[in-house]
1. Which condition number does Leu81 fail, the rest of (1) closer than 20 Å to Asn12 by Cβ; (2) touching a Leu at 6+ places or on another chain (Cβ under 6 Å) being met?
2. Just to be sure before I move on: is Lys10 basic (Lys, Arg) and over 25 Å from His132 (Cβ atoms) in the structure I sent?
3. Working only within the stretch 126-137, note down all residues that are at pLDDT 90 or above and within 15 Å of Leu178 (Cα to Cα).
4. Does Thr206 qualify as being under 17 Å from the mean Cα position of the chain (by Cα) and under 24 Å from Met112 (Cβ atoms)?
5. Might you let me know whether the stretch 101-109 holds any residue that is out of contact with any strand residue (DSSP E or B) (no Cβ under 9 Å at 6 or more places or on another chain) and of a type in the set (D, E, K, R)?
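The values are calculated or read from the model by the stated rules, or taken from the named source; none is laboratory data. On a predicted model such as this, the values are computed, not experimentally measured, just so you know. In this analysis, Cβ positions are derived from the backbone assuming ideal geometry, glycine residues included, and neighbour counts consider all displayed protein chains.
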Amino acid sequence: MYLDPFHTIKNNSFITITPEQGSAFAKKVSDDFNPLHNPDSKRFCVPGDLLFSLVLAHLGLSQKMSFNYTGMVGKNVTLILPKTPSQEFSITDNNGKSYLNVTQQGKATQNMEEIEAFSRAYVAFSGHSFPHILIPLMKKHNVMINPERPMVIYESMAFEVDTLTLKAPTLTLSDSQLEATGKRGLVRLNFDVLEAGKKIGSGFKTMVLGGLREYEQATIDDLIARYESSKHAYFTKQKNA
């Protein structure tokens with residue numbers, strides 16, 4: 001399974017994800033360089049897209065699903081998967097703390113080729129939220145995140161598809177919204193699911209932005225430059241390793 005390098009599972013239920021594994025998934029699979037996923041970050045958290053992908057891989061893909069993130073998975077956390085999927089279930093740690101609530105309806109599949117195709121398509125779309133989607137959205141609303149402590153946190157996602165016969169699905173942005181209240185912002189990204197150019201479903205992703213302040217183009221340009229520099233340095237190191 002393509003997720004094997006990014007987690008360890010015991011007894012088909014107990015999952016551990018090291019900071020190095022979480023960071024590698026974010027960078028290699030999601031193309032996501034959010035500093036919260038750097039292994040040396042004091043605020044390190046496992047990428048939400050990795051949790052999403054692990055749920056699909058181990059419990060299956062349904063036609064209609066929703067994922068609500070209730071906690072950030074930090075270092076040294078053991079996650080517990082339910083033995084069998086149900087219409088509603090949660091991913092918790094061994095102390096009972098919940099990190100992800102999942103609901104599902106409709107037909108389901110355990111076909112790993114279809115699951116991986118959908119998982120990769122969603123993660124590719126989701127990982128490019130910054131700077132490709134968020135920066136224009138923040139500029140439109142004249143707000144920006146704190147450049148010194150950029151805080152972009154996954155809140156939820158949901159989707160519904162007409163069919164689970166998936167070969168090479170892609171996701172495209174259909175609409176984006178930002179609601180700013182003081183220093184807090186809520187972003188909603190609506191997307192369409194396509195197969196061979198035909199729309200077969202739709203969904204959305206929401207994120208919370210922290211530390212909002214007035215938009216400054218020069219500051220944003222510097223933030224993007226640092227983001228791209230971090231990305232370039234990572235791939236250069238990987239190439240020379």
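1. Tallying (1) closer than 20 Å to Asn12 by Cβ; (2) touching a Leu at 6+ places or on another chain (Cβ under 6 Å), Leu81 fails exactly one: (2).
2. yes
3. Hits for the stretch 126-137 are Ile133, Leu134, Ile135, Pro136, Leu137.
4. For Thr206, the condition - under 17 Å from the mean Cα position of the chain (by Cα) and under 24 Å from Met112 (Cβ atoms) - is not met.
5. no
Per-residue answers, yes or no, for (1) acidic (Asp, Glu); (2) modelled with pLDDT of 95 or more:
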| site | (1), (2) |
| --- | --- |
| Phe89 | no, yes |
| Leu100 | no, yes |
| Ile115 | no, yes |
| Ala124 | no, no |
| Lys139 | no, yes |
| Ala158 | no, yes |
| Leu164 | no, yes |
| Asp175 | yes, yes |
